[in-house]
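The values are calculated or read from the model by the stated rules, or taken from the named source; none is laboratory data. A quick note: this is a predicted structure, and the numbers were derived from the prediction, not measured. Here the Cβ positions follow ideal geometry from the backbone for every residue, glycine too, while neighbour counts run over all protein chains shown.
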Amino acid sequence: MFRNIFIILFFLLSVAVITFAQTEPKYQLDDVVVTSSRTPVAFSDLSRSVVIIYPDEIKNAPVNNLQDLLQYVSGIDLKQRGIEGVQADVSIRGGSFEQTLVLIDGIKISDPQTAHHNLNLPFTIDNVERIEILKGQGSSIYGPNAFSGIINVITKKGREKSLSLQLSGGDNGYYQGAVNGSFLLGEVGSNISFSKNKSDGYRHNTNFDIINFSYSSSFNSGIGNANLFAGYNDKKFGANSFYSERFPNQWEHTTTKFVNLSFNAAIKDFLLIPKLYWRRNDDEFLLNYENPSFYRNIHQTNIFGAELQSSLNTNLGIMSFGAEYKKDQIESSNLGNHSRKNFGVFAEHNFSLVDDVTVIAGAFAYNYADIGWKIWPGLDVSYKIIPGLRLIASVGKAFRIPTYTELYYSDPVTKGDANLKYEETINYEIGANLTKDFYNANVSLFRKEGTNIIDWARASDTQPWMVMNIAQVNTNGIELGFALNPAKLIKAVPLYNFTVNYTYLQSDKTTSTLQSRYVLDYLRHQLVVNFSNPLFLNIKQSWFLRYEDRINFEENFIVDSQLLYEINWFEIFVKATNLFNKSYKDIAGLPLPGRWIIAGMKITIK
């Protein structure tokens, strides 16, 4: 009770301070966002709720991978079975983890077997240029599975010469080694990265061994540029009670390969972007590694895709249109062998009705598997009241098809259903974004009305989990965000980059009284506070404070921190997660680590 009161008072005080503060902006007004629509949009002109994570923010965070970084974004729920990139389920605005679309350089990499593999990311965190997160539906832009939000990782293209080496080690037998290099040969820029993470684990059977490798290149020509990305991820890990508390000796090995080739050709006001891609995921799962023959699943999924997008800049605005083709298939010892082909066409028009009013209207017509042709429209409107202050409103429909696991999986405690229907939703949102030279603020109100929502449910603890369409789920929410730099307001204040972000969610379902495994397991209250302060000898300390109040769970207050010392090309860092050794969990029966301290150094030569 008193903790809730403290959190509310702290939040209100922060609002009051920020309202009158004059600070440096978190974003530049001319930043270009590529995820919120089919055509790039300046950050100051956005008509959707978008978060951008830049390299400096990644550098100051006490994490070694992108998966753990996402827990510091308000509105994102990262439910972890194991940290350091072992396995995490990511959801946005109260949606299930299956309802978040993950992209690399605008290419869909969500796994058709299960979204448990969506964050098998084949690159190191040093190879990330930035991360763009779109909150809310995106099916009118990207088609299927952009149900509750989109995470788009933009990789580096290697346009500078640099070499970095990193070594770190810490608690629980942890060590990491990483190398990242960029070089330029003529008009071809390349980037190569490699990392290996290993740990003995923080409790029985939570050890892991992870390897990441990626290569990207970019070639500039007279009419455009060609881009190539190839990545590889290999994870071996103990999966203590990951899917059932009855089996603490579960073990899993996954490998993910991804290749993407694209070309951007610009001729006057016309832009043409063809893309080809392939993703393969291999998954071996043992229910008891001491007796491998007792229960063993082997799955292999492949995705082959092609996309063609074109844009035309006219006096009536920017018109974008194109098509995509994708085939996914699975070969599985448990799920069987299946494949699906789908085809879609999309169109979008970005225009201004009158001065300071921008409209983005689009739709994606999709023919998916046995569903047939369906149209998924979206409409975004923004109004610039004064420079830097913009009102936004959006409405759109979205859909998600069942995964192969939901359709065909069967074991003693879980049963799939081959007759599942696809999920669909309609999203509404209104808000305001204030981006000035001296401070940032945003507020959003949203509602999501979902039908035929898929979840694993059961009537009692003695029955197996059965996947089903659990009728209707409505989610209402509010998001508030503020940023300031006190050191710029008063130089004597030893504090800078202070941000406060808060999300409140309320969901309900219209169905029978069944136990829900995923859908109604969300963060009702989520408060994320981040700030940095200087210490002696030019050491910089960063703090990440998270308050989480999850439905049917105890509330948690987690503090993470990092110390960073930089001099020329040399860095020394100490990362501490769960600094006060809080006992907590994101998933029932899976306690997460207590205090974990990692120290290391990094050498960068440019």
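Considering only residues that are hydrophobic (A, V, I, L, M, F, W, C) and surrounded by fewer than 16 Cβ atoms within 10 Å (Cβ to Cβ), which ones fall in the stretch 535-552? Break it down into steps so the answer makes sense when it comes.
To start, the set of residues in the stretch 535-552 that are hydrophobic (A, V, I, L, M, F, W, C) comprises 535-537, 539, 543-545, 551.
Across the stretch 535-552, the qualifying residues are L535, F536, L537, I539, I551.
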Are there any pairs with C-beta distances below 7 angstrom linking a residue in the stretch 265-294 that is free of Cβ contacts under 8 Å to residues at least 24 places away in the same chain to a residue that is outside any strand (DSSP E or B), with the two at least 6 apart or on different chains, and if so which? F294/L287; F294/N288
Out of the residues in the stretch 40-63 meeting the condition of being assigned to a strand (DSSP E or B) and at pLDDT 90 or above, tell me which one is farthest from the chain's Cα centre (by Cα). S49
Pair list, Cβ < 6 Å and 6+ apart or interchain, from the stretch 239-261 residues that are closer than 18 Å to Q80 by Cα to residues that are of a type in the set (K, R) and buried (at least 21 other Cβ atoms within 10 Å of the Cβ): F242/R81; T254/K235
Okay, strands (runs of 3 or more DSSP E) sitting entirely in the stretch 173-236 with 3 or more residues that are within 22 Å of Y289 (Cα to Cα) and in contact (Cβ under 8 Å) with a residue 24 or more places away in the chain, I get 188-199, 208-220
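Among residues belonging to the stretch 462-477 that are without any contact (Cβ under 8 Å) to a residue 40 or more places away in the chain and part of a loop (DSSP other than H, G, I, E, B), point out the one that is farthest from Y428 (Cα to Cα). Working first, answer last.
Of the stretch 462-477, the ones without any contact (Cβ under 8 Å) to a residue 40 or more places away in the chain are 462-463, 472, 474, 476.
This time we only want the ones that are part of a loop (DSSP other than H, G, I, E, B), so: 462-463.
On the way: T462: 39, Q463: 37 Å.
Filtering first and then ranking leaves T462.
What's the total number of residues in the stretch 168-203 that are over 26 Å from the mean Cα position of the chain (by Cα) and over 18 Å from E129 (Cα atoms)? Break it down into steps so the answer makes sense when it comes.
Start the filter on the stretch 168-203 by keeping residues that are over 26 Å from the mean Cα position of the chain (by Cα), which leaves 169-173, 183-189, 200, 203.
With over 18 Å from E129 (Cα atoms) added as a condition, the list becomes 169-173, 185-187, 200, 203.
Adding up the residues that qualify gives 10.
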Of the residues that make up the stretch 22-29, is at least one at pLDDT below 50, outside any helix (DSSP H, G or I), surrounded by fewer than 19 Cβ atoms within 10 Å (Cβ to Cβ) and over 28 Å from the mean Cα position of the chain (by Cα)? yes
Hey, can you tell me all the residues within the stretch 349-369 that are more than 29 Å from the chain's Cα centre (by Cα) and without any contact (Cβ under 8 Å) to a residue 24 or more places away in the chain? L353, V354, D355
Evaluation of V443 against (1) free of Cβ contacts under 8 Å to residues at least 40 places away in the same chain; (2) of a type in the set (A, V, I, L, M, F, W, C); (3) outside any strand (DSSP E or B) (one fails), failing number: (3)
Return the total of residues in the stretch 305-354 being surrounded by fewer than 16 Cβ atoms within 10 Å (Cβ to Cβ) and not in a strand (DSSP E or B). 5
